[in-house]
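The values are calculated or read from the model by the stated rules, or taken from the named source; none is laboratory data. The structure presented is a predicted model; accordingly, all values stated were derived computationally and were not measured. Cβ: placed from backbone, ideal geometry, glycine included. Neighbour counts: every protein chain shown. Surface areas here come from the heavy atoms of the whole protein model, side chains and all, with no ligands, DNA or RNA. Shrake-Rupley method; radii C 1.70, N 1.55, O 1.52, S 1.80 Å.
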Amino acid sequence: MSAAAKKNLAELLVSSNLIDLEQLDQARRDQRQNGGRLTTAVIRLGFVKNDQLVEFLGKQYSLPTIDLTGFEVDPEAIKSLSRQVCEKHMVIPVSKAGKVLVVAFADPSNIYVKDDLALLTRCKIEAVVASETAILTSIDKYYGGSSKIENLVSEIEDINAGGIGPAGFGNVEVVDQDSGADDGPIVKFVNAMLAEAIKTRTSDIHIEPYEKRFRIRFRIDGALMEKTQPPQNAAAAIVSRIKILSRLDIGERRKPQDGRMKVKMRNGQEVDFRVSCLPTIFGEKIVLRLLDKANLQVDMTKLGLERDDFEKFIEAIHQPQGMVLITGPTGSGKTTTIYSALNELNKSDVNVSTAEDPVEYNLDGINQVQMQPQIGFNFAEALRSFLRQDPEIIMVGEIRDLETAEVAYKAASTGHLVVSTLHTNDAASTVSRLVEIGVEPYIIAEATTIVVAQRLLRRNCTKCAVEIKLLPEALTKIGVAPDQVPLYTKLKKGEGCEECGGSGLKGRMAIFEMMTMSTSVKEGIFRNASPIELKRMAMRDGMRTLRQAALLKLRAGLTTVEEVLNTTVADNV
């Protein structure tokens, strides 16, 4: 394998006259457009036959070949790797003897995959070459089919006839004569997909049409993972089924649509789905966001706040008036933090009203109002109405414009506690964003109580995390103070296992940056200080930055260096 490794696969294919340079360019364009490996592209385009490629790869990398169509795979070997890992690397374990695992590869050109599998299984990996088609067929056969609708349905234990169904719809039939797909399996497939998403704690489902394929991906713990590629001729029927369940117009395929549906599991669990439909050049892409109230954590003590930050936040939300701002990008956990705060404040002696777009979760005892921008009912209009409803606490989904900001800050200055969100990178830049919108600096300084920036860090898998050591230079490079390096003795990293799908990470936790309106920060706002100056002032007054908060989680062995670097930026102050 070492001789071939000196050349990449593309060079080998061309130098062996299996394809020419023009075909290589076509294959690379196809690969960029449709995904997959280079080997997949050359077969898809008909430049090379399956058997021909297998024989070529075996010869080039000095590996034996295997015909999986007549081979009975060892059940013990199958247990060594998860389906997700097999589909990701296009491999399948075929036999196991002691600590030696024989694995069939569709593309042995990536020498690092073998090392990854050895680390994952703690076995010596013996590679053989098989066709990609045969590997996919074997994955379906031994792990349970998901590329075919009927096989996927039978694999989901939570589904039976009528086991899951949208509340209020009964048995809705989808009739789409152009889809080329049978109605029965489509209904079962959509049910199975929704049930599996709920079971795996998926946050979003992406249903995506392309020119030559149709794929479904789940976002789990913040990372998108491909789950299946249903037959392309089933795409229209699957999309139509979801649009009907979401009360969308199945005849409208030219403009975006938004809808909602409620799914009830056989065990009584109810989950809301927010549905967004977007026309693309190859069909309609649908994204479903799961809004599972059972997974909504509204206990303030379980947000992951450090003790001093927890005390700052509790003090801020219990003020009789003022503005509490939660900032961060989409998917950073702002909704959970706000609902936790509202849950803490939701008492029988206060009137709490929220203006949301959309209302994601229903909270008992709180007056939640859905925005209707198509009729002119926006955040600013809702806020004006709230002020005539004798409220103590107001939540406005997002401050997007000057009109909303002015009404919100007026409420915060006249005896109301206002909680809202902004999309900014950190706490200090929130001030410049408000000034940019048009809010006067003196209003921001006087009426704002606290600004909270947050992110979500992926956690180490508790099943496979092992202790690791890092050089002091590596720690100081990511922001650890030299005198703090000796404290980093419990560093851990997940090796990858069945529980976490081979990633080494499972679950997420929040980190926070809390800027209170200290005297120095207020003075900085009055004189239009830059975000960097405000951040420096807040740090001197005791603010823990997002990077510092992430390093605390790293020190506790809860996350990895890679997650710290991917989620937060260095404190260049």
> Using a cut-off of 23 Å between alpha-carbon atoms, which lysines can reach K347, once sequence neighbours fewer than 8 places away in the same chain are excluded?
Replying inline: K293, K302, K312, K334
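Roughly how many Å² is the accessible area per residue of the range 181-290, as a whole number, for a 1.4 Å probe? Mind showing how you got there, number by number?
On the way: 4750 Å² over 110 residues.
Here the residues of the range 181-290 average 43 Å² of exposed surface.
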> Size of the dipole of the chain about the Cα centre, Lys and Arg at +1 and Asp and Glu at -1 on the beta carbon, nothing else charged, in debye to 20?
Replying inline: 1020
> Of the accessible area of the range 202-277, with the probe set at 1.4 angstrom, what percent is carbon plus sulfur?
Replying inline: 44
> Taking the chain as a whole, which cysteines find no other cysteine Cβ under 4.7 angstrom from their Cβ?
Replying inline: C86, C123, C277
> Using unit Cβ charges (K, R positive; D, E negative) and no other charged atoms, how large, in debye to the nearest 20, is the dipole of the range 341-428 about its Cα centre?
Replying inline: 220
>> Below 8 Å between Cα atoms, with a sequence gap of 6+, how large is the relative contact order for the chain in percent?
In response: 9
> Counting only protein heavy atoms and using a 1.4 Å probe, what share of the accessible area of the range 358-460 belongs to carbon plus sulfur, as a whole percent?
Replying inline: 45
>> Is the C-alpha gyration tensor of the range 307-455 telling us rounded, prolate or oblate? Criteria: a/c under 1.5 is rounded; beyond that, a/b larger than b/c is prolate, otherwise oblate.
In response: rounded
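Contour minus end-to-end for E467 and M300, with contour as 0.36 nm per residue of separation and end-to-end as the Cα-Cα distance?
The span from E467 to M300 would gain 57.1 nm if fully extended.
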> Taking a probe of 1.4 Å, how large is the accessible area per residue of the range 350-395, in Å²?
Replying inline: 48
> How many percent of the accessible area of the range 34-141 is carbon or sulfur, using a 1.4 Å probe?
Replying inline: 53
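Would you mind checking the pairs K490/K535; K243/K463; K49/K141; K124/K463 and listing those with alpha carbons more than 32 angstrom apart? Don't skip to the end; give the middle numbers.
Working: K490/K535 30 Å; K243/K463 39 Å; K49/K141 23 Å; K124/K463 22 Å.
Checking Cα-Cα distances, K243/K463 exceed 32 Å.
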> Order of 541-554, 429-442 by packing, highest average Cβ count within 10 Å first?
Replying inline: 541-554, 429-442
> Counting other Cβ atoms within 10 Å, which trypsin sites (Lys or Arg not before Pro) in the range 313-405 have at most 13 and lie in a DSSP loop?
Replying inline: K347, R388
> Could you give the accessible area per residue of the range 434-510, probe 1.4 Å, as a whole number in Å²?
Replying inline: 53
> Restricting to the chain, what percent of DSSP beta bridges are antiparallel, rounded to 5?
Replying inline: 65
> Which semi-axes, in whole Å and largest first, does the equivalent ellipsoid of the chain have when worked out from the alpha carbon gyration tensor as the square roots of 5 times its eigenvalues?
Replying inline: 48, 32, 22
> How large is the helix-only mean residue ellipticity at 222 nm for the chain, computed as the sum of -39500 (n - 2.57) over DSSP H runs with n ≥ 4, divided by its residue count, in deg cm²/dmol to the nearest 500?
Replying inline: -10500 deg cm²/dmol
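Restricting attention to the range 33-109, which GluC sites (Glu not before Pro) occupy a DSSP loop and are surrounded by at most 15 other Cβ atoms within 10 Å?
Sites meeting the loop and neighbour criteria: E72.
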